[in-house]
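Structure first, commentary second.
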Amino acid sequence: MSAGAINPMEQFEVGKLIKFDLLGYDLSFTNSALFMFVVAALLFVFMLGGMKRALIPGKWQLMAEGAVGFIDSMVNTSIGKGGKKFAPYIFSLFFFILFANLVGILPLAVVPGLHTFAVTSHITVTAVLAFFSFAIVLAVGFWKHGLKFFGLFVPHGAPLWLMPVIIPVEFISFMVRPFSLGLRLFVAMTAGHILLEVFGSFAVQGLNAGGIGYGVWFASMLMIIGVSALELLVCAIQAYVFALLTSLYLHDAVHLH
């Protein structure tokens, strides 16, 4: 790559902030780990501020209560009877992803040379969230139904002669769930950040070129504004989709069909 060229993938590189090796294993503290702590701290502060009970609720308390009510409604609708116990997990999942997405798109430098980092743009993070959710689904399904849980792959009313085809298809679609969960969030966040980086480089190069380059700069800035607005929407939608699909998968585990 030539000098001064823009690498849109550079923003996703995991850098070591504090190097640490233990028995040959690299346990260094990275920018990814730092921003996971930042996201967790912001979520903790948000809920802590909303837990201040007042006779007349303030805006912060109303936001926190609205967040809890939103997840409670999602759980009741998606899981139904017996789903209340999963509300804390769905709440944590939704707001961790939401806060991580929003922090990742903030154009801020925490300290010189250290910019905000989108942890959900890494497949390792989204895959862990997806497989952990899938593991809970399996644990709940087998704990509640035992071997009858395999009945999930046999749709009600399906003709017997179609079972050799239906059961493998149902099984494959079930096993693909964690991969689709993790990939959907990862791809959506990565694509948006790459677009912003590319249009940002167009804007800078157009401004430096002068003349007709000002037109390129203006068009690029319009695209940056549009993509940024779309990214804000995607941040919320992807968190909602991840939590909603997890709730629906838990519904299958609790009620089978």
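Rule-based calculations on the coordinates, nothing more; no lab input. Just so it is clear, the model here is predicted, and its values are computed rather than measured. Heads up, the Cβs are rebuilt from the backbone with ideal geometry, glycines too, and the neighbour counts pull from every protein chain shown.
Among LEU23, ILE237, ILE56, flag the residue with its Cα farthest along the positive direction of the charge dipole of the chain, charges on Cβ as +1 for Lys/Arg and -1 for Asp/Glu.
Value computed over the given set: ILE56.
Can you pull out the trypsin sites (Lys or Arg not before Pro) in the range 32-88 that DSSP calls coil and that have at most 13 other Cβ atoms within 10 Å?
Those that pass, being in a loop and sparsely packed, are LYS52, ARG53, LYS81.
Which one, PRO155, PRO178, PRO164, has the greatest fluctuation when you compute a Gaussian network model over the chain with C-alpha springs under 10 angstrom?
In the Gaussian network model the winner is PRO164.
Pick from HIS122, HIS193, HIS156 the residue whose mean-square fluctuation is largest in a GNM of the chain, springs joining Cα atoms under 10 Å.
Highest fluctuation of the listed residues: HIS156.
State the extension gain, in nm to one decimal, for the chain segment bounded by ILE18 and SER180, taking 0.36 nm per residue of separation less the distance between their alpha-carbons.
Length gained, ILE18 through SER180: 55.0 nm.
Based on the alpha-carbon gyration tensor of the range 61-198 and its eigenvalue square roots a ≥ b ≥ c, which shape applies: rounded if a/c is under 1.5, prolate if not and a/b is larger than b/c, or oblate?
In terms of gyration-tensor shape, oblate.
Between LEU98, LEU22, LEU181, which gets the highest mean-square fluctuation from a Gaussian network model of the chain, Cα cutoff 10 Å?
Maximum among the listed residues: LEU22.
For Cα pairs less than 8 Å apart in space and 6+ apart in sequence, what is the mean separation divided by the residue count of the chain, i.e. the relative contact order in percent?
22
Which entries in the list LYS52/LYS85; LYS16/LYS85; LYS59/LYS84; LYS52/LYS144 go over 29 Å, if you measure between the two C-alpha atoms of each?
LYS16/LYS85; LYS52/LYS144
Quick one: Debye curve from the C-alpha atoms of the range 17-56, no solvent, what's log10 I(q)/I(0) at q = 0.16, 0.23, 0.27 Å⁻¹?
-0.57, -0.77, -0.86
Charges only on Cβ, +1 for Lys and Arg, -1 for Asp and Glu: so what's the dipole of the chain about the Cα centre, in debye to the nearest 20?
Approximately 820 debye in magnitude.
Quick one: what Rg and Dmax do you get for the range 152-257 from the alpha carbons, in Å?
Gyration radius and largest Cα-Cα distance of the range 152-257: 22.5, 72 Å.
When the helices in the chain are scored as -39500 (n - 2.57) per DSSP H run of 4 or longer and the sum is shared across all residues, what 222 nm value do you end up with, to the nearest 500 deg cm²/dmol?
-23500 deg cm²/dmol
For MET163 and VAL128 in one chain, what is 0.36 nm times their gap in residues minus the Cα-Cα distance, to one decimal in nm?
Length gained between MET163 and VAL128: 9.3 nm.
So what are the radius of gyration and Dmax for the Cα set of the chain, in Å?
22.5, 72
In nm, to one decimal, how far is the LEU147 label point from the LEU256 one, both placed 7 Å along Cα→Cβ?
Result: 1.4 nm between the two label points.
Sort the range 131-176 into rounded, prolate or oblate with this rule: let a ≥ b ≥ c be the square roots of the eigenvalues of the Cα gyration tensor; rounded if a/c is under 1.5, and if a/c is not under 1.5, prolate when a/b is larger than b/c, oblate otherwise.
It comes out oblate by the Cα gyration axes.
At 0.36 nm per residue, minus the direct Cα-Cα distance, what do LYS85 and LEU232 gain on full extension? Give it in nm, one decimal, please.
Difference between extended and current length: 49.9 nm.
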